[in-house]
1. Could you list C:THR111, C:THR597, C:THR85, C:THR214 in order of exposure, starting from the residue whose Cβ has the fewest other Cβ atoms within 10 Å?
2. Take chain A, connect every pair of alpha-carbon atoms lying under 10 Å apart with a spring to form a Gaussian network, then pick out the residue of A:ILE39, A:ILE16, A:ILE174 with the largest mean-square fluctuation.
3. Measuring from a point 7 Å past the Cα of C:LYS449 along Cα-to-C-beta, which residues in the stretch C:478-521 have an amide N at less than 12 Å?
4. Charges on Cβ only, +1 for Lys and Arg, -1 for Asp and Glu, centred on the Cα centroid of the protein assembly as shown; of A:LEU64, A:ALA145, C:TRP430, which one is farthest towards the dipole's positive end?
5. Given R₀ = 51 Å, FRET efficiency for C:VAL546-C:ARG212 by Cβ-Cβ distance, to 0.05?
6. What are the equivalent ellipsoid semi-axes of chain C, built from the alpha-carbon gyration tensor (square roots of five times its eigenvalues), in whole angstrom, biggest first?
7. I'd like the Karplus ³J(HN,Hα) series for the stretch B:22-35: coefficients 6.51, -1.76, 1.60, θ = phi - 60°, whole numbers in Hz, and an x wherever there's a Gly or Pro.
8. What list of ³J(HN,Hα) values in whole Hz, one per residue of the stretch A:39-46 in order, does the Karplus curve 6.51 cos²θ - 1.76 cosθ + 1.60 (θ = phi - 60°) give from phi, with Gly and Pro shown as x?
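Bear in mind these aren't lab numbers, they're just calculated from the coordinates by the rules spelled out. Bear in mind the structure is a predicted one, so any value in this text is a computation, not a measurement. Reconstructed Cβ throughout: ideal geometry from the backbone, glycine too, with neighbour counts over all protein chains shown.
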Amino acid sequence: MKLGRIAVIAVVVAAIGALFAFGLLRGNPDDRNITSNLIGKPAPAFALPLYERYWTDYGETFALDDHLGKPLVINFWASWCLPCYDEAPVLQQAWQAYGPQGVQFVGVQTQDRDKRDEGRAFIARFNLGFPNVLDNDSLVGVDWALYGVPETFFVDASGKVVAKHIGPVTPEVIEQQVGALLRGGA
Amino acid sequence: MKKIVYALLGVAVLAVAGFLISKALQSSLVYFILPSEYARDTAAFEGKRVRLGGLVQAGSVQFDDAKLHLTFQITDGLKDYPVQYDGAPPDLFQENGGVVIEGRFHDNVFVGDNLLVKHSSDYHPPVAGEPIDVEALKESLR
Amino acid sequence: MFELQLGPLGSASVFLAFGLALYGAVAGVLGATRRDARLQTSARLAAVAGFILATAAVVVMQAALLTNDFSVSYVAGHSRIASPTWVKVVTMWAALEGSILLWAWLLTGYTALLAITAPLSPLRPYAISIMQAVQVFFLGVLAFLANPFKVVPFPPLDGPGPNELLQNHWMMAVHPLLMYLGFVGLTVPFAYAMAALITRRPGTEWMTQTRRWTLTGWGFLSGAIVAGGWWSYEVLGWGGYWAWDPVENVSFMPWLTATAFIHSVQVQERRRMLKPWNVLLIVATFSLSILGTFLTRSGVVSSVHAFGNGPVGPAFLVFFLLVTLAAFGLLAARWDDVKDRADLDSVVSREGGFLGVNILFVTLTAAVLLGTLFPLIVEAVTGDKVTVGAPFFDQTTLPLWMLVLLLMGIGPLLPWRRAQQQSLARNLAWLAVAFVVSGALAWLLGVHKVYPALTVALAGYNLMSLYLLLSGALAPRLRLANRGALQVFRSYAVESRRRVGSMIVHFAVVIVAVGVAFSSGYRVDEQLRLDFGSSAEFSGYTLTAVDRFMERTPARISAGAVIAVTRNGRPVTTLRPRLNLFGEAGRTVPTPAVYYTATHDLYLNLNSSVGPDTTFVVLRVVKSPLVTWIWVGGAILLLGTAYSLGGGRRTVPAPAHAREKHEGAPA
């Protein structure tokens, strides 16, 4: 009798648990695994002002069109974004490793209106060697259908978006995606 | 004796509650559908309250700011239908953007009363002539 | 020079508090089973030390927030330099990790207070251990899954700031605090109920010792719900205060079961009956509060109030299932000790009324739970995506609310055990007269909708009931004492705080019910387009768009319209509905402008953006009658609860002679 009651309760609790487990596993619209519909499409063009330290190498404006034909890594960041600080050294290292192999990295500061001093400080702190631009109106971010920052897009030599990474990139992600870009482009 | 009375009372209360709840559920369950799902099963959704998800077709938006009347075509790439809505377009409402609108279909025209913009940016507007991943669209609008 | 780092300091406090909670939970139980007083004392000391450590963690968090220390991950993720100080303080509970910290801190505070003040009893060590076991969960989540004190190796210069909706209204600072105070307060009776089951002492001990905790917790939870409604009203821009959104529902369900509980315990105190009900209700209250956190923090049910997901959701699910299984399993195992031996003498009695309260509130809870989870069930079974709209909740709960009001009037007039036919008949006649007269009056004055009219009738009926209750209590005293009525009332109010407190609360419920019935039944809602300089008529008012304005503070940019409101040619007020933008990454949130009056509110929300070149605005204009009375009623309800609690510890439940006389079978 007593065991029977406990068994009934166990079954009911298990059923509720199963329902909620279904809810958890069914995935979420916010899920980071959802792929962008940009993938396979041409990279949306942009031309944005560069920070001063890059002027000698790239001029005052960075236009994406000028760099199509090379594998591209486009990283969106903001000065207030915590994970961006985690990934900045990773990107700088990757730039040092892959830049000489012909991969162009670009940092786009977005959702960060008029935060030029903060942007400069961010770049200086990590001594970012790859060009960084300011998307002051955040409109490029809209074109690229950003979900948030940081997000990183990988564009192949034909100018098509091949992959998108939401959240901070890790050396593994870079190695995998940039490796694929280089193999595909070679 | 008393126990039987209580049991009967309990059953009666449960039956009434169950009846009311199931009736209320039937009338206030709102399905979330896409235009192509309406096209597939028109009879089932005609005149019923639904939440219709889709994208605002480019070039179809007309807003009469004197009468506050908004019309546009909603599409999921497979089918599109005209939508009528009394009110101003909400913040962030834009062509090719995702929307979810609550209302009813009457003869292939959707009359909505609650318009929500879903700026879930995982779904990008389709490029003309290319197929649309309907499942991904639905998932992104939920 | 040693440099003080806030992050590690906070982490250390959390880890130590976690260790102490673990120790206390084990030591308390061991101390109780081995009858080792020293172990028991050490568990209580651990509870106090745990509170001190958790307080240290909170102080560290506040210091980090106020000094903009972005090397602390929570601050870097959720705070912003430009925010005003009050926003920085409440940012602690603006996001998940911080709100768990708040919850854990309040829990350790209540446990420590319990460890210091609870009278010695066989239940105490177990109850404190259970509180500490709950602490183990919260502090464990904090330490291992959602540590807000993680050190950021490269601290950003500024952060994104908290959720815009929180920054938009000071009420959002209060609402979560009240809710957690309520949840934590109701953990105390839960812990005592479990202790009672473990020790096989299902008598009245566990509830008399926790009466104050229960009532305090219930009061805070009630306050949280009213505050949440007011916040929705002032922020969400649709002119309503309750939308049956899952986030609202999950905070409402524990309140429903707790309301049933505070009524039901009185039957056990007086008649030693409804024991299984009481355990069931307090277990349900506690596990629903955990379930609510799981549902809203995991994205399992979709809601307009979106929260992120992460490992915390599954942790809450596991905890919810464990608590439910353990608590109900324990109840099943101890069923033979708990089940009632006495039976109702008559359904028409005070205890019959309380049983009715239980049934009504449990049915309400079931309806709300079903409506909230139904979309998930449908999707699991058929794969269809559906939502259950507000009409479901209205259709199922409105008749039940009417029954609640009906029972609220008659229940307190019924004597214990069995009603005497004569007095009952007289009271019923008076109640019926009040019901018919106020209902008819409402109808004549133009209230022709069913629920508002019925609510007025029931309000009149309830006021009559309160009058009968009060006069019934005062009449014999007046006859005996040759003092004035006011003096007699005052001495009665001091002697019977519980009774008077409950009357105040019931009175408040009547006010809230009328406010809800009219504001939802007779609301007028329109969209208006206004060119600057032109006017439009709305429900007796003339609205003129005078100008647009733009304001910039370090924390936000606001743009809005200046609307002059006149009535019959006389200026009434000037309203400034606006849109706010907090920070660059945020989205705009509207701030409606409300003109509050005693009879109705005029509510303006800006539905179009305002820029330097806009020539017109679109306004959502809502006029809803008697809304203010919901907030007034809420305040009275809290006053009544406080009154019932006040006045020291002398107001023990029932006089001893009454208890003996009415004793059922021995417990």
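1. Numbers: C:THR111 31, C:THR597 14, C:THR85 9, C:THR214 22.
Ascending Cβ contact count within 10 Å gives the list C:THR85, C:THR597, C:THR214, C:THR111.
2. Largest GNM mean-square fluctuation: A:ILE16.
3. C:515-521
4. Value computed over the given set: C:TRP430.
5. Working: r = 54 Å, r/R0 = 1.05.
The pair C:VAL546/C:ARG212 has a calculated efficiency of 0.45.
6. 41, 38, 21
7. So the J values, rounded to whole Hz, are 5, 5, 5, 5, 4, 8, 10, 7, 10, 7, 9, 10, 10, x.
8. My calculation for the stretch A:39-46 gives 5, x, 9, x, 5, x, 6, 7 Hz in order.
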